[in-house]
Amino acid sequence: MYLLTKRFFDIVVSIFCLVLISPIMLPIMIALLLTAEHYVFYFQKRVGYKNKYFQIWKFATMLKDSPNMLTGSLTLRGDPRVTPVGKYLRKSKINELPQLFNVLLGDMSFVGPRPQMKVDFDTYTKEVQDKIYNTKPGITGIGSIFFRDEEKWISETELEPKEFYRLHIAPYKGALELWYLKNQSFLLDLKLLFLTFLVILFPDNQLLEKWFADLPEKPIEFLLEV
């Protein structure tokens, strides 16, 4: 029943949102066409449901060859690969809006573990790799909310960024997503959607830990809030 309710919600709300935001998307598309490398959408292969690949949709916010430049799949604060328009789209999370098409097509859900590039998926443990995408990946989720400012941690670490991600971010992100799989319900999905809007509007709110006291223990590297 949960899966049917979730899919029905995804279809209805994604259609509603696409209609609602169409006046917003048009000027963004024009701005992207007139700036940087003059392309609107960015399509990238990600690991999805049952570990099968799909093409994720995003507004183009970085240079086309970004995955092969500098820190690859990881983005830093002030990353020179981010375009001027892209900087604002990323900060507001507007760059994620085209993923509504992924939700409508059934590649993704509104709530679930974020779909990873293979290079980042490979940093998960075997247990996480085997389980994490037993549900559809999401536009938002428990890992996305906690690591909403992942760029800040990666930028400020004394370790090499990819090493910090492998040693610290990937293990805790994986633990959070397994927690979601164990506890998933439609009510939990609604709570995570509400929290997503709150962290966009009020980035420093600490409701995640207050609402979910049984989350995996936070590693010492993340004790200082972002």
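The values are calculated or read from the model by the stated rules, or taken from the named source; none is laboratory data. Note that this is a predicted model, so its numbers are computed, not measured. Positions of Cβ are generated from backbone atoms using ideal geometry, with glycine treated the same way; all protein chains shown enter the neighbour counts.
Output yes when any residue across the stretch 135-150 is over 14 Å from the mean Cα position of the chain (by Cα), assigned to a loop (DSSP other than H, G, I, E, B), crowded, with 20+ Cβ neighbours inside 10 Å and touching a residue at least 12 places away in the same chain (Cβ under 8 Å), and no when none is.
The initial filter retains those residues of the stretch 135-150 that are over 14 Å from the mean Cα position of the chain (by Cα), namely 135.
Still in the running and assigned to a loop (DSSP other than H, G, I, E, B): 135.
Going one step further and asking which of them are crowded, with 20+ Cβ neighbours inside 10 Å, we end up with 135.
Subsequent filtering for residues that are touching a residue at least 12 places away in the same chain (Cβ under 8 Å) retains 135.
Looking for residues that are over 14 Å from the mean Cα position of the chain (by Cα), assigned to a loop (DSSP other than H, G, I, E, B), crowded, with 20+ Cβ neighbours inside 10 Å and touching a residue at least 12 places away in the same chain (Cβ under 8 Å), one finds at least one in the stretch 135-150, hence yes.
Check whether at least one residue in the stretch 197-208 is part of a helix (DSSP H, G or I), of a type in the set (S, T, N, Q) and over 17 Å from the mean Cα position of the chain (by Cα), and report yes or no. Steps first, please.
Filtering the stretch 197-208 down to residues part of a helix (DSSP H, G or I) leaves 197-201, 207-208.
In the following step, the residues that additionally are of a type in the set (S, T, N, Q) were identified as none.
Looking through the stretch 197-208, none of the residues is part of a helix (DSSP H, G or I), of a type in the set (S, T, N, Q) and over 17 Å from the mean Cα position of the chain (by Cα).
Would you check if there is a residue in the stretch 159-175 being surrounded by fewer than 16 Cβ atoms within 10 Å (Cβ to Cβ) and either touching a strand residue (DSSP E or B) at 6+ places or on another chain (Cβ under 6 Å) or among the hydrophobic types (A, V, I, L, M, F, W, C) (or both)?
yes
Limited to the stretch 189-214, what total is found for residues that are under 20 Å from VAL128 (Cβ atoms) and surrounded by fewer than 16 Cβ atoms within 10 Å (Cβ to Cβ)?
The number of residues fulfilling the criteria is 1.
Would you mind finding the one in LYS126, LYS191 that is among the basic types (Lys, Arg) and touching a Phe, Trp or Tyr at 6+ places or on another chain (Cβ under 7 Å)? Outline the logic, then answer.
On the way: LYS126 fails: touching a Phe, Trp or Tyr at 6+ places or on another chain (Cβ under 7 Å).
Testing whether each residue is among the basic types (Lys, Arg) and touching a Phe, Trp or Tyr at 6+ places or on another chain (Cβ under 7 Å) leaves just LYS191.
Could you say which residue among LEU187, LEU201, LEU207, LEU195 is of a type outside the set (Val, Ile, Thr), closer than 20 Å to VAL111 by Cα and in contact (Cβ under 8 Å) with a residue 24 or more places away in the chain? Please lay out each step first, then the result.
Values: LEU187 fails: in contact (Cβ under 8 Å) with a residue 24 or more places away in the chain; LEU201 fails: in contact (Cβ under 8 Å) with a residue 24 or more places away in the chain; LEU207 fails: in contact (Cβ under 8 Å) with a residue 24 or more places away in the chain.
Every option except LEU195 fails the conditions.
In the stretch 107-125, is there at least one residue being closer than 30 Å to PRO27 by Cβ, among the acidic types (Asp, Glu), crowded, with 20+ Cβ neighbours inside 10 Å and in contact (Cβ under 8 Å) with a residue 12 or more places away in the chain?
Looking through the stretch 107-125, at least one residue is closer than 30 Å to PRO27 by Cβ, among the acidic types (Asp, Glu), crowded, with 20+ Cβ neighbours inside 10 Å and in contact (Cβ under 8 Å) with a residue 12 or more places away in the chain.
Just checking, which of SER109, SER144 is among the small types (Gly, Ala, Ser) and modelled with pLDDT of 95 or more? Before you say what the answer is, go through the steps one by one.
Numbers: SER144 fails: modelled with pLDDT of 95 or more.
Selected residue: SER109, the only one of SER109, SER144 that is among the small types (Gly, Ala, Ser) and modelled with pLDDT of 95 or more.
Residues checked against (1) of a type outside the set (A, V, I, L, M, F, W, C); (2) over 25 Å from PRO80 (Cα atoms); (3) outside any helix (DSSP H, G or I):
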residue	(1), (2), (3)
LEU3	no, yes, no
ARG7	yes, yes, no
ASP10	yes, yes, no
LEU18	no, yes, no
ILE21	no, yes, no
ILE24	no, yes, no
ILE28	no, no, no
ALA31	no, no, no
ALA36	no, no, yes
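Output the residue which, of all residues in the stretch 18-50 that are of a type outside the set (A, V, I, L, M), at pLDDT 95 or above and surrounded by 13 or more Cβ atoms within 10 Å (Cβ to Cβ), is farthest from the chain's Cα centre (by Cα).
TYR49
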